[in-house]
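Chemist: Pasting in a structure now, in structure tokens, and then I'll have a few things to ask.
The values are calculated or read from the model by the stated rules, or taken from the named source; none is laboratory data. If you're wondering where the values come from, they're calculated on a predicted model, not measured in any experiment. Here the Cβ is made from the backbone with ideal geometry for all residues, glycine too, and neighbour counts use every protein chain on show. Protein only, heavy atoms only, side chains kept; ligands, DNA and RNA dropped before computing areas. Shrake-Rupley method; radii C 1.70, N 1.55, O 1.52, S 1.80 Å.
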Amino acid sequence: QVQLVESGGGLVQPGGSLRLSCAASGSIFSINVMGWFRQAPGKQRELVAAITSGGSTDYAESVKGRFTISRDNAKNTVYLQMNNLKPEDTAVYYCNAVIAPLANRSMYNYWGQGTQVTVSS
């Protein structure tokens, strides 16, 4: 069974930094796109950043220049380095990945359990 396990959330002051990690585990054949979404209270879940297996990236306009997504294909892990954090970045951050399990090799969308990021003084 495939799982995504996130770590790295927490409380940080405005202007501070955090690094989120998300590791995919289980019987995996291949991983296509990996990314991060976030959902603030009362708002819809939105894409923060995504990265393909080849390293192409995409970012929400609100985080460009402040957040950096990267991945280690050998470790099946995706990272989100968040710098110059703002109160409006406060949300639950969810890891997402499109993964083909060994069992049938079809692509499926998987989600992590979410990690809270709070930016406050």
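Chemist: Can you give the longest stretch of the chain with no exposed loop site, where a site means trypsin sites (Lys or Arg not before Pro) in a DSSP loop (not H, G, I, E or B) with at most 16 other C-beta atoms within 10 Å?
Modeler: Segment 1-42 is the longest.
Chemist: Moving to a separate point now. Could you work out what % of the accessible surface of the chain is carbon and sulfur, using a 1.4 angstrom probe and leaving DNA, RNA and ligands out of the count?
Modeler: 47 percent
Chemist: At 7 Å along Cα-to-Cβ for each site, give me the label-to-label distance between Ser70 and Lys86 in nm.
Modeler: Reported label-point gap for Ser70 and Lys86 is 2.5 nm.
Chemist: How large is the dipole of segment 1-101 about the Cα centre if only Lys and Arg carry +1 and Asp and Glu carry -1, each at its Cβ, rounded to the nearest 20 debye?
Modeler: 80 debye
Chemist: Distance from a point 7 Å along Cα→Cβ of Ser30 to each backbone N in segment 78-120: keep the residues under 17 Å and list them by number.
Modeler: Counting backbone N atoms under 17 Å from the label point, the list is 97-110.
Chemist: Tell me the label-point distance for the pair Met107, Ser7, using the 7 Å Cα-to-Cβ offset, in nm and rounded to one decimal.
Modeler: 2.9 nm
Chemist: Mind checking which lysines have their C-alpha under 28 Å from Lys86, skipping anything on the same chain fewer than 8 residues away?
Modeler: Hits, sequence-local ones excluded: Lys43, Lys64.
Chemist: On average, how much accessible surface per residue is there in segment 51-95, in Å², for a 1.4 Å probe, leaving out ligands, DNA and RNA?
Modeler: Using a 1.4 Å probe on heavy atoms only, each residue of segment 51-95 averages 49 Å².
Chemist: Residues with amide H under 5 Å of Gly114's amide H, sequence separation 5 or more or different chain, H placed in the peptide plane at 1.01 Å from N; which?
Modeler: Long-range HN contacts for Gly114: Glu6, Cys95.
Chemist: Arg19 versus Thr57, label points 7 Å from Cα toward the beta carbon: distance in nm?
Modeler: Each label point is offset 7 Å from its Cα along the Cβ direction, giving 1.4 nm.
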